[in-house]
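Readers should treat all values here as calculations from the given coordinates under stated rules, not as data from a laboratory. Bear in mind the structure is a predicted one, so any value in this text is a computation, not a measurement. Because the Cβ atoms are built from the backbone with ideal geometry, glycine has one as well, and the counts that use them run over all protein chains shown.
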Amino acid sequence: MLLRSVSFTRVALCGVCAGWIGCAPLTEAPQDETNNPYYKTAKERAETRDYAGAIEAFEKAIQLNPHSVLAHFELALVYEQREFDYAAAIYHYSKVLKLRPTGTPSDLARVRIPVCKQELARSQAMEAIVPTLPLQLDRLKDENERLHRLVETQRVQITAWQNLTLALRTALASNQTYFSSRVPAVPGPAGARVVAPASASDRVVASSGGSRAHAVREGDTLASIARLYRVRLDALTAANPGVNPRRLRVGQSLTIPAP
């Protein structure tokens, strides 16, 4: 009789305790992560390649159940393989290891973390280089334009020099033709026929007797004529005994001795 009373008392106390707790069990059974509505939506969006929408849905699934290992893992995969956000992928892979240190998908997360760290280091190195590329391209562009302007300037200068040279040659040829036609023929000694040329280097014409004659031009002296033909001054004077050195006339014919 006493034992029955004790048993009844224990049952009554248990009922009172259950009323305080709200009739809830002391431990909650693990929730099925795949039944999370946001997790399902995220998977559907990932299959249709709506990765931005999948990320948003996975984040909401984690807010609904912060201990969802699958949501963290799937979100890490999207960040790594689709968005190339390796820092975010490392964060969610680390959450997987923290929530479930062993088993699946922790083993896969443990393998992916070093890979993501390598990619993150590589991308950071590229980010340090890439900002300088526009500056280098701008410098190369400016240098290219400067070289083009220099080449164009030189081309214009070369064309101008060519035109000037052609004009000078044309003018020189015209002047030679003009003066040659204006200078009259001058009779020389012993039947020699002398034509006063346009230039000083063309003033000598061979006579029929093998002698040479010189047609005096403005500014000529016996000394300058001797230097021109490389003969001695006394030989030139002796070859022209009737010529007054101080009264040379333009067009006067002088005999040039052999050197």
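Numbers at a glance
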{"quantity": "Förster radius 45 Å - calculated FRET efficiency between Thr237 and Leu166 (Cβ-Cβ, nearest 0.05)", "calculated": "0.45"}
{"quantity": "Footprinting exposure proxy for Arg100, Arg155, Arg82 (fewest neighbouring C-beta atoms within 10 Å first)", "calculated": "Arg155, Arg82, Arg100"}
{"quantity": "Per-pair calculated FRET efficiency, R0 = 41 Å: Arg110 and Leu135 via Cβ, rounded to 0.05", "calculated": "0.50"}
{"quantity": "Residues with amide H under 5 Å from that of Ile256, placed H, sequence gap 5 or more", "calculated": "Arg212, Ala213, His214"}
{"quantity": "Fewest-first sequence of His214, His148, His72 by Cβ atoms within 10 Å of each Cβ", "calculated": "His148, His214, His72"}
{"quantity": "FRET efficiency, 1/(1 + (r/R0)^6) with R0 51 Å, evaluated for Ile158 and Ala52 via beta carbons", "calculated": "0.25"}
{"quantity": "Taking all pairs of distinct alpha-carbon atoms in region 31-143, Kirkwood radius in angstrom", "calculated": "15.4"}
{"quantity": "Taking Phe84, Phe58, Phe73 and counting other C-beta atoms within 10 Å, the order from fewest to most", "calculated": "Phe84, Phe73, Phe58"}
{"quantity": "Relative contact order (%) - region 31-143, alpha-carbon pairs under 8 angstrom, separation at least six", "calculated": "17"}
{"quantity": "Per-residue ³J(HN,Hα) for region 244-258, Karplus 6.51 cos²θ - 1.76 cosθ + 1.60, θ = phi - 60°, Hz, x for Gly and Pro", "calculated": "8, x, 8, 10, 6, 10, 5, x, 5, 9, 10, 8, 9, x, 5"}
{"quantity": "Most positive-pole-ward Cα, Leu135, Ile90, Pro105, against dipole of region 31-143 from beta carbon charges", "calculated": "Pro105"}
